1. So the check is Cβ under 6 Å with 6+ separation or different chains; which pairs have a first residue in the range 198-221 that's more than 21 Å from THR187 (Cα to Cα) and a second one that's open to solvent by less than 50 Å² (accessible area, probe 1.4 Å) and in a helix (DSSP H, G or I)?
2. Wholly within the range 189-300, which helices (runs of 4 or more DSSP H) include no fewer than the required count, namely at least 2 residues that are among the β-branched types (Val, Ile, Thr) and under 17 Å from the mean Cα position of the chain (by Cα)?
3. Scan the range 113-129 residue by residue and report those that are without any contact (Cβ under 8 Å) to a residue 24 or more places away in the chain and either touching an Asp or Glu at 6+ places or on another chain (Cβ under 8 Å) or more than 17 Å from PRO184 (Cα to Cα) (or both).
4. Quick one: is THR230 under 30 Å from PRO106 (Cα atoms), surrounded by fewer than 24 Cβ atoms within 10 Å (Cβ to Cβ) and either basic (Lys, Arg) or modelled with pLDDT of 90 or more (or both)?
5. Taking the condition closer than 30 Å to TRP212 by Cβ and crowded, with 17+ Cβ neighbours inside 10 Å, does THR88 pass?
6. Consider only pairs whose beta carbons are under 7 Å apart and that are at least six residues apart or on different chains; among these, list those whose first residue lies in the range 24-46 and is in contact (Cβ under 8 Å) with a residue 24 or more places away in the chain and whose second residue is of a type in the set (S, T, N, Q).
7. Determine if the range 137-144 includes at least one residue that is within 30 Å of ARG79 (Cα to Cα), touching a residue at least 60 places away in the same chain (Cβ under 8 Å), open to solvent by 50 Å² or more (accessible area, probe 1.4 Å) and within 26 Å of the chain's Cα centre (by Cα).
8. Would you confirm whether or not the range 235-250 contains a residue that is under 19 Å from TYR186 (Cα atoms) and hydroxyl-bearing (Ser, Thr, Tyr)?
Amino acid sequence: MIQRFRENRRLQGLLLILPAMFVMVTLLVAPLTLTVITSFGQRDADGNVIYTFTLENYWRLMGFTESGWDDLYLRILLRSLWLAVQTTTIVILMAYPLAYFIARSPERRRNLLLFLVLVPLWTNFVIRIYAWVMILRGQGVLNSMLGGVAGLFNAPFQPLDLYPSQTAVLIGMVYEFLPFMILPIYTSLEKIEPNLYEAAADLYANAFRTFWRVTVPLSMPGIVAGTILTFIPVIGTFVVSDILGGRQVILVGNLVQRQFLDARNPPFGAAASIILLVMTLVLTLYYTRRFGLGEEIAAG
């Protein structure tokens, strides 16, 4: 028996993947299947799920209701998508120069700079978001500093109305996911051989042309990986919008949370979850097919 097991590579492989398969089926496939089934159901007066088959939840999300057209939930979907696009774009624009600077720094300084990038992640996620409340609120740190500067020059100052708002949510998103873009881009940039820049200089390429034709294409795997690590969590988050939006900026994640916990309407919440999943998959597949799957995604 033992000898047969040693000689059977297929059986060895099967036993090796069984623990991972068990975890995936138990924690991923089974809950997802239950969510899909629930999304086609209805709820009774007590908030319990009636397992039937209806597309009512999906039509409602698309704006088609019994009383007519209502685009409330469609606007929530589009707002979530637009906020995710904004966050990802801003994060790329901020992360790339910093990652480039770290990758081109002396080797003895790189570890310190990477350490400084990772330090905020050691603090609890919610605590860091609440810190932004103290910064952005009317009597917060930002307005106090701007008011102090305005006072030095005897200039009129009107406190910025940043909290709660969608702008505050965007700031919190950018802050929260910036390290997840820096690290994969840095990994790609750090792998670029210096002799490629020398070759570009030998071919009379200036600094801008070298950056655009050499650096950016070779760092694209890191950009793709960072985009995936940023866009997918942002489009489904609800904690940041709850705190920095003052429960006024409603995203798909907030919609799902409130349907399950507050409205006691699991079928509608499940349908919103599936729409969010499908929307994320479609956009991610298009992006990865367009630019390739980021090889540095593991670095994030």
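The values are calculated or read from the model by the stated rules, or taken from the named source; none is laboratory data. On a predicted model such as this, the values are computed, not experimentally measured, just so you know. Glycine also receives a Cβ, built like all others from the backbone with ideal geometry; neighbour counts cover every protein chain displayed. Heavy atoms of the whole protein, side chains included, go into the accessibility calculation; ligands, DNA and RNA do not. Shrake-Rupley method; radii C 1.70, N 1.55, O 1.52, S 1.80 Å.
1. Partner pairs satisfying both residue conditions: ALA200/THR210; ALA200/VAL214.
2. Working: elements: 194-202, 207-210, 216-236, 239-244, 252-261, 266-291.
Result: 216-236, 239-244, 252-261, 266-291.
3. If the condition is that a residue be without any contact (Cβ under 8 Å) to a residue 24 or more places away in the chain and either touching an Asp or Glu at 6+ places or on another chain (Cβ under 8 Å) or more than 17 Å from PRO184 (Cα to Cα) (or both), then TRP122, THR123, ASN124, ILE127 are the ones that fit.
4. no
5. Yes; evaluated as a whole, the condition is true for this residue.
6. THR35/SER273; SER39/ASN57; PHE40/THR54; GLY41/THR52; GLN42/THR52; GLN42/THR54; ARG43/ASN265
7. Kept after step one, since they are within 30 Å of ARG79 (Cα to Cα), are these residues of the range 137-144: 137-143.
From what is left, the residues that are touching a residue at least 60 places away in the same chain (Cβ under 8 Å) are none.
Looking for residues that are within 30 Å of ARG79 (Cα to Cα), touching a residue at least 60 places away in the same chain (Cβ under 8 Å), open to solvent by 50 Å² or more (accessible area, probe 1.4 Å) and within 26 Å of the chain's Cα centre (by Cα), one finds none in the range 137-144, hence no.
8. no
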